[in-house]
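Notes follow once the structure below has been shown.
The values are calculated or read from the model by the stated rules, or taken from the named source; none is laboratory data. Bear in mind the structure is a predicted one, so any value in this text is a computation, not a measurement. No Cβ is skipped: glycine too gets one built from the backbone with ideal geometry, and neighbour counts run over all protein chains shown. Remember, those area values only see protein heavy atoms, side chains included, never the ligands or the DNA or RNA. Shrake-Rupley method; radii C 1.70, N 1.55, O 1.52, S 1.80 Å.
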Amino acid sequence: MRQKAAINQLLETAFPGANPENGTSGPTAISPTTLLETFVPGYGPIHKFLLYSFGFDVTVLVTFGVVCWLSARIFRSTWGIVHSLVSANYMAEITVSSTDEIHGHLIAFLAHQYKINSSRRLMAETPSKSAWELDSEETETPETTVDAEGNIKWLNFSNQEAKSQPRFTPAIGSHNFWHKGTYFQLRRKEVAMFDELGGGAAAFKDKELLTLSCFGRTTEPIKKLIQHAKAHYHLGHNAKTVIKRPAPKDMRRFGGRGSWVKIAERPCRPMKTVVLDEERKLDVLSDINEYLNPATARWYANRGIPYRRGYLFYGPPGTGKTSLTFALAGVFGLDIHVVSLLEPTLTEEELGMLFTNLPARCIVLLEDIDTAGLIREPSDSDEKNAPAEGEQGSTDFNVANLTKALKKANQLSEEEKKKGISLSGLLNIIDGVASHEGRVLVMTTNHPEKLDDALIRPGRVDHQVAFSNATQTQIKELFERMYSNDLPRTKLILSSPQSSTKALPTIVEDEKKPLSNGLAISNGKAYTLTPPDTPITATSVTPEENGKMVTNGHAKTSIEKPTTQADISESELHEIAQKFAHQIPNDMFSPAEIQGFLLKRKKDPRRALEEVGVWVEGMVDVKRKGGKLVSVQ
Ligand SMILES: Nc1ncnc2c1ncn2[C@@H]1O[C@H](COP(=O)(O)OP(=O)(O)OP(=O)(O)O)[C@@H](O)[C@H]1O
């Protein structure tokens, strides 16, 4: 009886006004149950069934669910409104596209941020490192084959990729982090870009956008963060020379900095490793040093002279033209932009655009300019005078001639299409009105005699440097360099750089100040020029360590015999070098050839001395016969 009364009471609460006992309806009142019955068909019977069978009023649960859902909706939209109001009025943001190198700097920096690292949403990436980028020998863990005595015989690097440590970066989505007391929001998202590939083709490409925001009405904290990320990135890259080349065709169409892509980063080549007549080396060094001085830019501007400098390095193959360019880039901390004029997809307009998008100061390297296939556009008179085949007169005009003429016309138009860069086009790009100022242009060639006069006239080429096969002094230097551990830094004494002082008599205020890179500015007096240290990841290996390598955590003896360097005193090394140099004729072999010979005996100077006679004989024989394949190595 009591149970029935309780159910009745419940029903009364659920259906106020409805009396299940007598079935009469009272005045209608709005209750959650009546509302649900109105909007959800069949709710009433289910509700009654549950209530009678289990004494459980489902309306309470449903009402609670609905209230929660509604609250969540209201909260979300209120939050959205508040967030957008706050973002619009009290937050600053900066967006970075993945087409810009800052994107890479930021991601690398964020990957190092412990707060991001502790995030629960990360993206794993396998960083690909070049041989130069490996931190140290210890981080390399090649598989090794060991002989009976436990010495390493063969190394195998096939498992390298699998073993390399993944890098964790923030996943696509939103992240928050603190940096130096500022709260930052990071949104990483991918957007599909409709990219017209030309020739009617098009494709969607993914591009990434990073949006950094922080509270406040100024973007200053974000700018500082980006600056910090850049500095962090370059921290480990100070001693590297960055090599860039034109981006793939579809990327460089957009212009901007994205027109150049980094292809490599190498440790700076120390100037002392380039064996070249000291005076010639210093001439180039002081010339570039003076050119890069900001005061010189003003000097040029005041006189209306285009602020550009061109160098021609010429000489036989393997004599150090490229090496000197890299060493110069290291000394002055410039990036090298390498352009191949033979690239079939490169048009004149694109080359012009690439030159416009060069950074303020850089080296542009045009290698083997004689083989670049520059096209001299035929003059009108040439065209008129050249008799076309099949044009011997209308009388003997026949079908065969017509076919030939058509074929030739087609061939010509095909060639025209592939033509690439004409000489006049290149000349315009090098020093035309739209040409970039502030860059150092280096052109190299093995055949200067083949170059067009216009290409090397002053203004386009301001300084020529001749390279030749090695002299005995250079051979000795190469030898000593190969076998000495780490020679102390050489001081280069600059004696009276006349050319520069004559050319720039009015640079006064800054002249005696050493530049930040350690080079002094010429003032007509003799002065000491010390090329800045190029801190190549100095592995100060002790003689004892030198014969060992660490693999998989175990120190093992290296493949080669323990070095003999430790056994040789400096004076003996000089003596051997002297004898070695005497056995090689002057000006016959390029430094590259000598380096190649020494590399095969890189740990054994005595053996190099013993074997050099036979090598010279064999090589002289090959050179005399004009052959290319060597019988002695
Ligand atoms: N003068 C030099 N001093 C030191 N090393 C040199 C010198 N010349 C050549 N070498 C060595 O020889 C190799 C080839 O040199 P490099 O590429 O600079 O020659 P190159 O003159 O540019 O040749 P090419 O004309 O074929 O491009 C490099 O490994 C370099 O170290």
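Note on R298 and R167: with the Förster distance fixed at 60 Å, the Cβ-Cβ geometry gives a FRET efficiency of about 0.85. Full extension of the chain between D100 and V66 yields a length gain of 7.4 nm, computed as 0.36 nm times the residue separation minus the alpha carbon distance. Let a ≥ b ≥ c be the square roots of the eigenvalues of the Cα gyration tensor of the range 248-324; is it rounded (a/c under 1.5), or, if not, prolate (a/b larger than b/c) or oblate? In terms of gyration-tensor shape, oblate.
Once the Cβ-Cβ distance of Q227 and H574 is raised to the sixth power relative to R0 = 35 Å, the FRET efficiency obtained is 0.10. Net length available on complete extension from L423 to T126 is 102.5 nm, with 0.36 nm assigned per residue and the Cα-Cα distance removed. Rolled with a 1.4 Å probe across the full set of protein chains, the surface gives R298 an accessible area near 120 Å². Surface listing: H337, H112 arranged by accessible area from highest to lowest gives H112, H337, probe 1.4 Å. For the range 267-340, which whole percent of the accessible surface, found with a 1.4 angstrom probe, sits on carbon and sulfur atoms? Carbon with sulfur: 52 percent of the solvent-accessible area. In terms of accessible area, using a 1.4 Å probe and ignoring ligands and nucleic acids, R188, R309, R73, R457 rank largest first as R73, R457, R309, R188. The T371 and T182 beta-carbon pair, evaluated with R₀ = 45 Å, returns a calculated FRET efficiency of approximately 0.25.
Taking all protein chains as shown and a probe of 1.4 angstrom, F215 keeps an accessible surface of around 110 Å².
Remark on V465: its backbone amide H falls under 5 Å from those of L312, F313, Y314, a criterion applied only to residues 5 or more positions apart or on other chains, H modelled at 1.01 Å from N. Structure note, pairs K207/K249; K180/K240; K476/K600: Cα-Cα distances above 26 angstrom occur for K180/K240.
For D100, the accessible area of its heavy atoms, probed at 1.4 Å with every protein chain present, is near 60 square angstrom.
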